[in-house]
Each structure stands twice: as C-alpha cells, then as structure tokens.
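Novice: Here it is: the structure, laid out below.
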Amino acid sequence: MVLKLNPNTVLKLLVAIVICLIGANLIGLVSYFGFDASRLGMFDLDQEGNVPTFYASASLLFCGALLGVIAAAKKKQQSKDFVYWLFLSIIFVFLSVDESASLHERLITPVREAFSTTGIFYYAWVIPYGCFVISMMAVYVRFIFALPKKIRFMFLMSGAIFVAGAIGGEFVGGYWYESHGVDNLTYAVITMFEESFEMIGVVIFIYALLSYLGSELSDVSLGVCD
C-alpha cells in the first residue's frame, strides 16, 4: 500500500482543524468573560494537556517525520544537505515533546533568577530559545537560499509566523502578565493570537514540506502527490 498525501488536501484539512480550535477557544472566552461561565478548558489555547496541545504536538511531530523522510532521501542521493534536513527533523521532534511536556517553561525560573528578567523577558525561556533561533538562522542561510523559490518563500513565511507567535507572543504576554495578571480578556486575546500564529506557521510548513516532496523528490516511496 502506498500512502498518497496531496498537499492541497492536507492544507485544507489542517486549516479546518485550526479554525475549529480557534473558534472553540473564542466560544470559551465569550462564555467566561461575557457570561461568567466555563472557558471550555479542553479547548482553551492558554491551557496545557488538552485538545489544542495534542494537535500542536502531533503537527510538530508530523513535521519531524516529513523532514526525516526528506533527510533519508537526500542521504540516499548522497547529498550533503541531508544533514540539514536531519537536524531540522530532530528539532521538530524535540519541539513536539516540548509542546506536550512544557519543557521550556521549566527554564523560566532559573533563567529569570540568573538574569533578573522582567517586562518582555518575564517569560525568561525566550532568552535561550531566542539565541538558538538566531544561531539557526545563521547556520541555515545557505541552505534556505538553495531551496526552490516557492519552497524558500514558504519556509521563511512559516518560520516568521511561528517565531512571531512563539517568542513575540511571549514578549507581549509576559509584559502584560507582570503588569495586569492573567485573569483578564486582554491576556486571553494575547495568548489566543500567540497560539494561533504557532499553529498557522506549522500548517504552512507542512504544506511546504509536502510540496517539496511532491516536486523535488517524487521518487520517494511515501507516494506524495503534487
């Protein structure tokens, strides 16, 4: 049996899921702040261990799997670039575990105590993760610009959107949390945009990877349709 994944079909499915998750979160916000009722914890984008967390972790793991397939194909072709694909695969598997286990949050207290961070750096994990992102950008410049134009654009766009949500959202959220706390509509909206940007960035990246498999590695046994 050959598994065939059409990038456009997968894109539509993932977009539908993301819209449903954001919509459920909005219903929860209206319920809580408008009618003093439940926030629908199982669909709350600001909570862990629920449906959005499972989806986010699974989508990141799917990215890791696709990157692993590309890395294996590149190695078979004896391309030196397979190392870049393999390392990206490892990173996304780690991000999947991080999403489900909230590993980055365990860095907040020690980093905050070490650097006495406040304001936009209140969620201090953004410092080591931000440094890592900058390092990755420096290492991957040549790799990114060697990609086909369409794929390169989607890689850059997905990365920018994801980082804007994951790190940029934490800047804004950390500043607001320190000043006003978490039990208010503004903070809830900030976290909603943060998580939404992350999910949208991953969706675009998955589409880019499937498109790359279909157009550049059509002989891969995964059987991806372009």
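Computed from the coordinates by the stated procedures, all read-outs in this text should not be read as laboratory data. None of these values were measured; they are calculated from a predicted model. For neighbour counting, all protein chains shown are included, and Cβ atoms are generated from backbone atoms with ideal geometry for every residue, glycine included.
Novice: Evaluate the relative contact order of the range 9-99 (contact order divided by residue number), counting alpha-carbon pairs under 8 angstrom at least 6 apart; express in whole percent.
Specialist: Relative contact order here is 21 percent.
Novice: Separation between the A114 and V15 pseudo-spin-labels, each 7 Å from Cα along Cα→Cβ, expressed in nm?
Specialist: A separation of 4.2 nm, rounded to one decimal place.
Novice: List the lysines whose Cα lies under 25 Å from the Cα of K75, skipping any in the same chain that are fewer than 8 positions away.
Specialist: K4, K149, K150
Novice: Same structure again: Percent relative contact order of the chain, based on C-alpha pairs within less than 8 angstrom and at least six residues apart?
Specialist: Taking the mean separation of contacting Cα pairs over the length of the chain, I get 28 percent.
Novice: Over the chain, with a Gaussian network built from C-alpha contacts below 10 Å, which listed residue (D98, D183, D46) shows the highest mean-square fluctuation?
Specialist: D183
Novice: Further question: After finding the eigenvalues of the alpha carbon gyration tensor for the range 60-134, what semi-axes result from the square roots of 5 times each, listed largest first in whole Å?
Specialist: 33, 13, 7
Novice: Could you list E216, E194 so that the one with the fewest beta carbons within 10 Å of its beta carbon is first and the one with the most is last?
Specialist: E216, E194
Novice: What is the P(r) of the chain, as percent of Cα-Cα pairs per 5 Å bin from 0?
Specialist: All Cα pairs considered, the percentages come to 1, 7, 12, 18, 18, 15, 12, 8, 5, 3, 1, 0, 0.
Novice: Based on C-alpha coordinates, I'd like the Rg and Dmax of the range 106-208, in Å.
Specialist: So, for the range 106-208, Rg and Dmax equal 15.6, 46 Å respectively.
Novice: By counting other Cβ atoms within 10 Å of each Cβ, how are K149, K12 ranked from fewest to most?
Specialist: The fewest-first ordering by Cβ neighbours comes to K149, K12.
Novice: To continue, here is another question. In what order do L61, L213, L103 fall by count of nearby beta-carbon atoms within 10 Å, going from fewest to most?
Specialist: L103, L61, L213
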